[in-house]
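Novice: Below are the structure tokens for one structure; questions will follow.
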Amino acid sequence: MDSEAAVREFVHDYGETFSDGDPEAVAANFHEPALLVAESVQTLETRDAVADIFAAVLDSLAERGYAYSEAEAVDVEVVADDRARGRVRWVRYTADDEVLERLVTTHVFRRTGDGWKMVVLLPHD
């Protein structure tokens with residue numbers, strides 16, 4: 001499988017993992033360390049730090065009726081054998097298949113001995 005296809009598969013698998021709602025499983029998709037660039041920049045040194053962030057995110061989404069996410073569009077550019085960047089348009093749904101929200105994320109990915117991992121996560125509109 002070429003690198004672009006592998007990153008696309010990683011994004012698809014990440015969406016399924018996120019939808020399962022397990023913050024530890026979500027954290028396994030991140031490089032150590034990783035960066036979350038949102039209202040502030042957070043360096044996430046360990047998987048535990050990533051899991052803590054996503055436990056809060058997933059709890060907040062559950063309170064709003066969140067059920068699952070789907071990647072509506074995935075644009076990937078492989079910039080080296082072990083690095084890529086991507087932009088993903090996500091749709092988050094309720095259990096009734098109603099759109100809860102749309103979100104765009106920009107990523108930097110790195111291939112490791114354990115496969116592709118997220119190094120940077122930048123959520124935006």
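Novice: Looking at the stretch 20-92, which GluC sites (Glu not before Pro) are in a loop (DSSP not H, G, I, E or B) and have at most 13 other Cβ atoms within 10 Å?
Specialist: When the GluC sites (Glu not before Pro) of the stretch 20-92 are filtered for loop state and at most 13 Cβ neighbours within 10 Å, E39, E45 remain.
Novice: Can you tell which of A28, A55, A80 shows the greatest fluctuation in a Gaussian network model of the chain with Cα springs below 10 Å?
Specialist: It is A80.
Novice: Right, another one. Expressed as a whole percentage, what fraction of the accessible surface of the stretch 15-99 belongs to carbon and sulfur atoms when a 1.4 Å probe is rolled over the protein heavy atoms?
Specialist: Reported share for carbon and sulfur atoms: 44 percent.
Novice: Okay, next question. Rounded to the nearest whole Å², what accessible area per residue is found for the chain with the 1.4 Å probe?
Specialist: 56
Novice: For the chain, find the longest principal axis of its Cα atoms and tell me its angle to the long axis of helix 47-63, 0 to 90°, nearest 10.
Specialist: 30
Novice: On to the next question. Measure nothing but the geometry: give the 0 to 90° angle between the long axis through the Cα atoms of 3-20 and the longest principal axis through the Cα atoms of the chain, rounded to 10°.
Specialist: That helix lies at roughly 30 degrees to the long axis.
The values are calculated or read from the model by the stated rules, or taken from the named source; none is laboratory data. Treat the numbers as computed from the prediction; the structure is a model and nothing was measured. Glycine also receives a Cβ, built like all others from the backbone with ideal geometry; neighbour counts cover every protein chain displayed. Side chains are part of the model used for accessible areas, which takes the heavy atoms of the whole protein and leaves out ligands, DNA and RNA. Shrake-Rupley method; radii C 1.70, N 1.55, O 1.52, S 1.80 Å.
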